[in-house]
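What follows draws every value from the coordinates through simple rules; no lab data is involved. Source: prediction; values computed, not measured. Positions of Cβ are generated from backbone atoms using ideal geometry, with glycine treated the same way; all protein chains shown enter the neighbour counts.
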Amino acid sequence: MEKELLVYVNGRFTEKSKAVVSVFDHGLLYGDGVFEGIRVYNGRVFRLEDHIDRLFDSAKSIGLRMPLGKRGMTEAVLDTLRKNRLQDAYVRLVVTRGTGDLGVNPALCKDATVIIIAEPMASALGPREPRTVKLVMSSVRRDSVAGTSHEIKSLNYLNSILAKLEANNAGADDAIMLDQRGFVSEASVANVFLVKGGKVSTPSSAAGILHGITRARVISICHDNGIEVLERDVTPFELITADEVFLAGTKSEILAVGTIGGTKIGAGGVGSVTRTLYREFGRVVLRREEGTPVYEEERVKAGQ
Ligand code: PXG
C-alpha cells in the first residue's frame, strides 16, 4: 500500500486518515479561524513570507492569539513538506480559535488549533496557453468591508460557496461577485483582472476583495513589462465589454475567461496580454528568489 500523507495537527504528525480535531473546535462550530492556501514549485514555497504575513494579519483582525510566531509557523510548514517529501505541492495552513464550549464566545477557547495539510499538486503553468473558463455573474453580493470582509482570509466561505453553487447550477466554472455597491469584486476564490486597449484594471480593496498574493505578483509583473495597471472600481459593463478577462489565484494560477453569463469576452479565447502574463508568471514561480527552499540538498549540490 502507498504510504499515507502525514498531516500536522498542533505539532504532531498523523496519517491523513487518522488526523482529527475536536467536534468542539470553533473552526467547525462557527467558522472561527483563518487560513492560507500556498503553492510549492520545484521544492520552493512560493512567496511563503507573504502568506505567513497575511495569515498573521487575518488572525490579528479577528483577535486570534497565534500559538506560534512567524518563524515557528514557517518551520512547521517546511517540516510538513519535508515529512512528506513533496516537491510540487499545495499547502493548506489552518488556524482555528480552538476548542471551547457550545457558545459562540471566543474568549472561552483556550488554545488555537494549527493544522497543516500538504498534498502533491502539479502546476498548469508553462510555455503554452492558460485554460479558458466559463463564468456567470452571481446574484450573491460580496460580504461588506464593514462586516465579514474577504480581506480577512477566514474560515467563513459561505459567501463564496453560494456563488459557486450558482455557477454549478448554470454549468459554469465559477462566478463573478459584485460588491455591496454593484462594482465588480472577485470570483469565488480568485481575483479578477480585465484588459482594455492594452491597459490592465483590477478591483481595489474598496470592493471587499482578498488581497491576493497572485494578484500582487501579477501587478508587479505588469509593471516590469511596461503594462499599465489600474487598481480601481470596475463596473459589470466594463468587465463584459473588455478585450480580455482573466482570473488569478494560488490554486487557479492564471485562467483566461472565455464567457461571462454566456456573453463572449473579446474573441472568447485567450487574449494576448493574458497569454503574456500567464507565461511570465510561469517563469516567475520557478525563480529562486521567489520561494523558500524546503530542502538543503540544493545548497550541498551548489557546493555552498
Ligand atoms: N480571493 C479569494 C476570496 C480567495 O479565497 C484569492 C482571491 C486568491 O488569492 P491568492 O493569495 O491565492 O492569490 C483567494 C484564494 C481554491 C481556494 O480551492 C482558494 C482560496 C481559498 C479557498 C480555496 O482554489 N483562496
Excluding same-chain residues fewer than 8 positions from K60, which lysines have a Cα within less than 24 Å of its Cα? K70, K110, K153
Where in the range 223-304 are there GluC sites (Glu not before Pro) that are in a DSSP coil and have at most 11 other Cβ atoms within 10 angstrom of their Cβ? E228, E296
Under the rule rounded for a/c under 1.5, else prolate if a/b exceeds b/c, else oblate, using alpha carbon gyration tensor axes a ≥ b ≥ c, the range 151-251 is classed as prolate
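Per DSSP H run of at least 4 residues, take -39500 (n - 2.57); add these up for the chain, divide by its residues and hand me the 222 nm value, nearest 500 deg cm²/dmol.
-7500 deg cm²/dmol
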Residues F281, F246, F46 arranged by fewest to most Cβ contacts within 10 Å: F281, F46, F246
Among the lysines, which fall within straight-line cross-link reach of K18, defined as a Cα-Cα distance under 17 Å, with same-chain neighbours fewer than 8 residues apart omitted? K3, K83
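Using DSSP to call loops (not H, G, I, E or B), can you name the trypsin sites (Lys or Arg not before Pro) in the range 182-261 whose Cβ has at most 15 other Cβ atoms within 10 angstrom?
Here the sparse-neighbourhood loop sites are R232, K251.
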Answer with one residue from Q87, V273, V20: the one whose Cα lies farthest towards the positive end of the charge dipole of the chain, charges on Cβ with Lys, Arg +1 and Asp, Glu -1. Q87
Given the chain, what whole percent of its Cα pairs are spread farther than 27 Å? 45
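What's the local net charge at A172, with K and R +1, D and E -1, over the other residues with C-beta under 13 Å away?
Working: positive: K134, K164; negative: E166, D173, D174.
Result for the neighbourhood of A172: -1.
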So, relative contact order of the range 211-304 in percent, Cα under 8 Å, 6 or more apart, is 22
Let me check against my output: what whole-number percent is the relative contact order of the range 6-120, with C-alpha pairs under 8 Å and at least 6 apart? 37
For the range 41-94: relative contact order, % (alpha-carbon pairs under 8 angstrom, 6 or more apart): 51
DSSP beta bridges in the chain [antiparallel fraction, %, rounded to 5]: 80
Of all GluC sites (Glu not before Pro) in the range 1-44, which ones are in loop regions per DSSP and have a Cβ with at most 15 other Cβ atoms within 10 Å? E2, E4
For I52, I209, order by how many other beta-carbon atoms lie within 10 Å, fewest first: I52, I209
